Amino acid sequence: MDSQPEKSPFLTEVRHLMRVQNYAIRTENAYVDWIKRFILFNDKRHPVEMGEQEVAAFLTHLAVNRNVAPATQGQALNALVYLYAKVLSRPMGEITGIVRPKKKQKIPVVLSQVEVRDLLSKLEGLHWLVACLLYGS
């Protein structure tokens with residue numbers, strides 16, 4: 001039933017708890033993956049030995065070094081909040097000092113007047129007419 005068997009008894013426990021709580025399989029896979037990455041980032045230390053400071057360092061690493069999207073960092077945070085609150089029964093306190101990824105601005109691509117004139121000069125007949133009408137509207 002597992003999509004991939006876990007070598008770690010701890011991650012198997014996390015997966016089992018999520019199944020019992022009826023989490024979606026995709027959420028389960030994503031959370032287990034983020035928890036595994038968190039443990040590996042911290043030199044395979046057990047999460048019981050770590051806390052808010054290590055979580056903040058991991059989330060900052062994702063934003064600064066891995067250049068993840070804000071939603072991705074949020075998913076990683078949710079996985080770690082779940083880990084500490086539900087699996088370890090030790091809810092995290094306030095996590096401070098996290099560097100948040102910046103949303104990428106989507107700048108529209110607009111042709112300059114010279115580029116439009118060059119483009120329209122290469123068209124003829126009906127194609128020219130349609131392009132001029134579309135450009136004008």
The chain, relative contact order [Cα under 8 Å, separation at least 6], %: 21 percent
Over region 42-119, relative contact order from alpha-carbon pairs under 8 Å, at least 6 apart, %: 36 percent
Additional length obtainable on full extension of the chain from HIS46 to THR12, 0.36 nm per residue less Cα span: 10.8 nm
FRET efficiency, VAL20 to LYS106 (Cβ-Cβ, R0 35 Å, nearest 0.05): 0.25
GNM top mover of ALA71, ALA57, ALA79 - the chain, alpha-carbon springs below 10 Å: ALA71
With at most 16 other Cβ atoms within 10 Å, longest stretch of the chain clear of loop GluC sites (Glu not before Pro) (DSSP): 7-93
Cα-projected label distance for LEU88 with VAL130, points at 7 Å along beta-carbon direction, nm: 6.2 nm
Cα long-axis angle, helix 125-136 against the chain (0 to 90 degrees, to the nearest 10): 60 degrees
Using distinct alpha-carbon pairs, which all enter the 1/r mean, Kirkwood radius of the chain in Å: 18.5 Å
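Calculate the tail of P(r) for region 1-71: the fraction of all Cα-Cα distances greater than 19 Å, expressed in %. The partial results should precede the final answer.
Details: 993 of 2485 pairs.
So the portion of pairs separated by more than 19 Å is 40 percent.
Using the Cα centre as the reference, give the magnitude of the dipole from point charges on the C-beta atoms of region 1-79 (Lys, Arg: +1; Asp, Glu: -1; all else neutral), rounded to the nearest 20 debye.
So the dipole magnitude of region 1-79 works out to roughly 200 debye.
Please compute the contact order of region 1-81 in relative form: average sequence separation of alpha-carbon pairs under 8 Å and at least six residues apart, divided by the residue count, as a percent. Please report the intermediate quantities before stating the final value.
Details: 40 pairs, mean separation 23.7, N = 81.
Once normalised by length, the contact order is 29 percent.
Coordinate-derived values only; no laboratory data. Computed from a predicted model, the values in this text were never measured in an experiment. Counting neighbours? That spans all protein chains shown, and the Cβs are built from the backbone with ideal geometry, glycine included.
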